[in-house]
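Asks: Handing you a structure now.
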Amino acid sequence: MNNAQLIAVLASIVLQASPLIIAVCGEILTERSGVVNLSLDGTMLMAAMTGFVVGMLTNNVWAGFAVGALVGAIFASIVAFGSIRLNQSQVAIGFVLTLLGDDLSAFLGQNYTRMKGVTVPHYGIPILKDIPVIGPIFFNQDIVVYFAMFLIVGTWWWLNKTQPGLKLRGSGERPTAAFARGVDVNRLRYVYTILGGALVGIAGAAYSLDVKIGWSDGHIRGMGWIALAIVIFGGWSPIRGAFGALLFGATKALATILQRAFPEVSVVAFNSIPWLLMILVLLAVGSDYTERGIKAMPKSWQQPLRRVLRVSPPMALGTPFKEG
Amino acid sequence: MQVELRDIRKYFGRVKANDGISLVLKPGKIYALVGENGAGKSTLMKILSGYQPPTSGEILLDGQPVRFHSPADALAKGVGMLYQDPLDMPPFRVIDNYLLGRSNSVRLNYKEARNELEGLSKRYGFEIDVHATIDSLSMGERQQLELVRLLAGGAQVLILDEPTTGISAEQKEILFESMRKMTREEGKTVILVSHKLEEVQELCVYAYVLRRGQLVGEQELPCLNEQLVEMMFGQVPKRSQRPPFAVREPVLELQDVNIETYQITVPDINLSVRAGEIFGLAGLEGSGQRLVMQACSGLVAPAKGRVRLGGQDVTGWSYHRLQKFGMAYVPAGRLEEGLVAGLTLTEHLVLARPDKKFFVDWKENRQEMAERITTYQIVGRPESTADQLSGGNQQRLLFSLLNTPLKLLLLEHPTRGLDVRSSDYIWQLLYKRRDHGTAILFISADLDEIIEHCDRIAVFSGGVMSRILDARETTAEELGHFIGGQV
């Protein structure tokens, strides 16, 4: 493989990872507020289908994204209403919505499979795209990629450097304490659950309109679960989450390359590499073994290593909050 | 700021938590609010700090009637409350925790906040590391930070709920000194809610006494403790004397026990507790004493060393095997670890009894539980669920479920949150156990309790068992300095 080919592979990894990054950032916003939206897989399928169909019918790709965001917001508001207002199990609601989105998208989209629709236009950023290596990988892409990059930084900044971000994190850590400081915890949870859902919807539409163009039954089935796993994998941080998404994309690309190199080995074997890696990391992060490993390191490394390797979920994740 | 409460009532269904309480709190003074468990202290303070609205009644600040919509609203109007477990954000950095909720702008002004935080800390003699995270702070430091946050938020009236539980002697001194400064020099109003009458006498100038939701007395301080106790209970409950105790054979022996977790290493514990002995483990929370208890109960395996129980080497035995061998463990979280919230008392008994038959004889168990309810003076019925009981009754239930005979009884904070009368009853039960030759090992954050009831005390500080003391020759003050790591 020569340099140009390698750069092309890396650029495609970035493109492939972008919708995942968008969904991960959305779910991080939701979970940091204390709500788990488990419906990602169904939401993304529904958003991908509706986004593709509306884009095609209106001949406007942005209308497709708008509808995708709307569908995501609607699914998320069902989760929010059920768990915040009705006090029902977030897991049960999210899970049923996943199944619903899967079947509903197959049913409503059955007349639109394998058709040609609109796609997101390519747009290289002037000057930046001419930077050697980095330019073609990151800046000679399209707006979905740039939006994902913006979200990584934007979400991180919002969470860590702003007063609303503190309130958001506080509601997910210790809602009683946030309430005592004047935060309307349940309203805030509504806002971020719906906002996060809209981003997940945009991610779904980004598949059918850009990364994996078109629609067919179960088009991107599984990507929602991957996004949920990456949120945990990334320790609820957008930057680590983005790394997770890229790593996932890279192992998939590696699987494709290996597949070509060893055609006699079954496809299934290579396809399982990303999952294998993911489960290993999930088991390792924050376990006793990690701690033992850290303790064996020099003293000055321990604190930074721990910060990277130890993750803990928002303390009040999945628990409803009642005032007073 | 002058606070006036007029005819405050708070009803939960038929229960009258507050039944027409009126009182006045003047600026520049430290008040005490005392009363037995369930007297209505917390309800009243929650109303005053905006967590709950009263059913009826009025709150006046400097003569103006006010209505609080939330705790934040109360703070904005000048009333702040410091909870026993401070309402902060454990994984946050100190500065982020301080800033949360301080303003409505999007930007965070770290520099200004740091200056403010350091300025206020300095004024009250607190030492807070701005760069630390909350979960690395001690309970005392978290309290100081929360106090500073309330003061910066504009608190003129401060309510402190059992603030001295789990903090060191020096931190207590700093806290008391800061409260004196706030009242004497700055004219703030301070209300201390506490079960510890010694502290009330030391710090406060005036006490309000609640009983069954009503104000039953007020008293200038200092006064005789008996006067307060009589108002709290209607009569002076007699305190049980410590029965004499004869030294018997060793029951629990720890030999060179080392315990390691990722947070702390507890090295070289050598300990021998005899039959009938009451042995206290003292130390600030997280100093290693809880790990030693867990090692004795089989919940934590020691990395090195031997544990012997009644002469038998039990190192590495599981919790259940030790239970069968005559060990019992009563954890601190009554509803979290000790009892099952939704199960009835009879169901608890069935689970606790050693002979497990496949079919349950409900009739027999109900009778047995009814008997134990009488014996242990539990307010409740065999068919009540555990979460319906008050804290004191939950603790009695836990004791009623212990099997006899026991070689070793391990206890965490046996009387935490209980008033004088309930605590005394629990200790009577424990003395009875000791007469039967049970060795009792317990941890408590209440140093007076440890001094009063123990034969010997092991002091823990920073994971090290630094010394073993004879309780009869030690004062609570000395003990306080030892657990703070002083020689």
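Asks: Which one of the conditions (1) in contact with a Pro (Cβ under 9 Å, 6 or more places away or on another chain); (2) assigned to a loop (DSSP other than H, G, I, E, B) does B:Leu254 fail to meet, given that it meets all the rest?
Replies: Among (1) in contact with a Pro (Cβ under 9 Å, 6 or more places away or on another chain); (2) assigned to a loop (DSSP other than H, G, I, E, B), the lone unmet condition for B:Leu254 is (2).
Asks: If I go through the stretch B:8-50 residue by residue, how many of them are away from every other protein chain (no Cβ under 14 Å), assigned to a strand (DSSP E or B) and either surrounded by fewer than 22 Cβ atoms within 10 Å (Cβ to Cβ) or among the acidic types (Asp, Glu) (or both)?
Replies: Selection size over the stretch B:8-50: 10.
So that you can scan it fast, the table gives a plain yes or no per residue for (1) surrounded by 16 or more Cβ atoms within 10 Å (Cβ to Cβ); (2) within 24 Å of the chain's Cα centre (by Cα):
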| residue | (1), (2) |
| --- | --- |
| A:Thr58 | no, no |
| A:Trp62 | no, yes |
| A:Ala66 | yes, yes |
| A:Ile74 | yes, yes |
| A:Gly101 | yes, yes |
| A:Val118 | yes, yes |
| A:Ile125 | no, no |
| A:Phe150 | no, yes |
| A:Val153 | no, yes |
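Asks: Examine the stretch B:51-63 for a residue that is hydroxyl-bearing (Ser, Thr, Tyr), in a loop (DSSP other than H, G, I, E, B) and touching a residue at least 60 places away in the same chain (Cβ under 8 Å), and state whether such a residue exists.
Replies: No, there is no match, as no residue in the stretch B:51-63 is hydroxyl-bearing (Ser, Thr, Tyr), in a loop (DSSP other than H, G, I, E, B) and touching a residue at least 60 places away in the same chain (Cβ under 8 Å).
Asks: Can you list the helices (runs of 4 or more DSSP H) found entirely within the stretch A:208-302 that contain at least 3 residues being touching a residue at least 12 places away in the same chain (Cβ under 8 Å) and within 30 Å of A:His122 (Cα to Cα)?
Replies: Ranges flagged: A:223-233, A:238-261.
Asks: While we're looking at this one, here's another question. Quick one: in the stretch B:320-370, which of the residues that are more than 25 Å from the chain's Cα centre (by Cα) and either among the aromatic types (Phe, Trp, Tyr) or part of a strand (DSSP E or B) (or both) is surrounded by the most Cβ atoms within 10 Å (Cβ to Cβ)?
Replies: If we take residues in the stretch B:320-370 being more than 25 Å from the chain's Cα centre (by Cα) and either among the aromatic types (Phe, Trp, Tyr) or part of a strand (DSSP E or B) (or both), then B:Thr344 is surrounded by the most Cβ atoms within 10 Å (Cβ to Cβ).
Asks: Scan (1) touching a residue at least 60 places away in the same chain (Cβ under 8 Å); (2) away from chain B (no Cβ under 14 Å); (3) out of contact with any Cys (no Cβ under 7 Å at 6 or more places or on another chain) for the single condition A:Leu159 breaks and write down its number.
Replies: Result: A:Leu159 fails condition (2) only.
Asks: Specify the residue that is modelled with the lowest pLDDT; the eligible residues are those in the stretch B:201-215 that are surrounded by fewer than 17 Cβ atoms within 10 Å (Cβ to Cβ) and under 30 Å from B:Phe12 (Cα atoms).
Replies: Filtering the stretch B:201-215 for residues surrounded by fewer than 17 Cβ atoms within 10 Å (Cβ to Cβ) gives B:201-202, B:205-206, B:212, B:214.
Of the ones still in play, those that are also under 30 Å from B:Phe12 (Cα atoms) are B:206, B:212, B:214.
Values: B:Tyr206: 95, B:Arg212: 87, B:Gln214: 92.
Applying the filter and picking the extreme gives B:Arg212.
Asks: Please state which of the following conditions B:Gln144 fails to meet, knowing it meets all the rest: (1) away from chain A (no Cβ under 14 Å); (2) in contact (Cβ under 8 Å) with a residue 12 or more places away in the chain; (3) more than 26 Å from B:Val193 (Cα to Cα); (4) of a type in the set (S, T, N, Q).
Replies: (3)
Asks: Could you check the stretch A:82-182 for helices (runs of 4 or more DSSP H) lying wholly inside it with 2 or more residues that are among the hydroxyl-bearing types (Ser, Thr, Tyr) and within 20 Å of A:Val71 (Cα to Cα)?
Replies: By residue number, A:90-108.
Asks: I'd like the residue in the stretch B:74-104 that is over 24 Å from B:Leu48 (Cα atoms), touching a residue at least 40 places away in the same chain (Cβ under 8 Å) and more than 9 Å from chain A (Cβ to nearest Cβ) and, out of all such residues, is surrounded by the most Cβ atoms within 10 Å (Cβ to Cβ).
Replies: In this case the residue turns out to be B:Val94.
Asks: Determine whether the stretch B:66-73 contains at least one residue that is among the polar types (S, T, N, Q) and facing chain A (nearest Cβ under 8 Å).
Replies: yes
Asks: Look through the stretch B:381-397, keep the residues that are at pLDDT below 85 and assigned to a loop (DSSP other than H, G, I, E, B), and return whichever of them is surrounded by the most Cβ atoms within 10 Å (Cβ to Cβ).
Replies: Among those that are at pLDDT below 85 and assigned to a loop (DSSP other than H, G, I, E, B), it is B:Leu389.
Asks: Right, another one. Could you check how many residues of the stretch B:448-480 are hydroxyl-bearing (Ser, Thr, Tyr) and closer than 19 Å to B:Lys196 by Cβ?
Replies: Of the residues in that region, 2 qualify.
Asks: Also, quick follow-up: Filtering the stretch B:105-133 down to residues that are within 32 Å of the chain's Cα centre (by Cα) and among the hydroxyl-bearing types (Ser, Thr, Tyr), which residue is nearest to the other protein chains (Cβ to nearest Cβ)?
Replies: Restricting to residues being within 32 Å of the chain's Cα centre (by Cα) and among the hydroxyl-bearing types (Ser, Thr, Tyr), the top hit is B:Thr133.
Asks: Quick check on A:Val191: is it touching a Pro at 6+ places or on another chain (Cβ under 9 Å) and either closer than 17 Å to A:Val79 by Cβ or surrounded by fewer than 24 Cβ atoms within 10 Å (Cβ to Cβ) (or both)?
Replies: It is false that A:Val191 is touching a Pro at 6+ places or on another chain (Cβ under 9 Å) and either closer than 17 Å to A:Val79 by Cβ or surrounded by fewer than 24 Cβ atoms within 10 Å (Cβ to Cβ) (or both).
The values are calculated or read from the model by the stated rules, or taken from the named source; none is laboratory data. As the structure is a computational prediction, the values presented were derived from the model and not from experiment. Please note: Cβ atoms are built from the backbone with ideal geometry, for glycine as well, and neighbour counts cover all protein chains shown.
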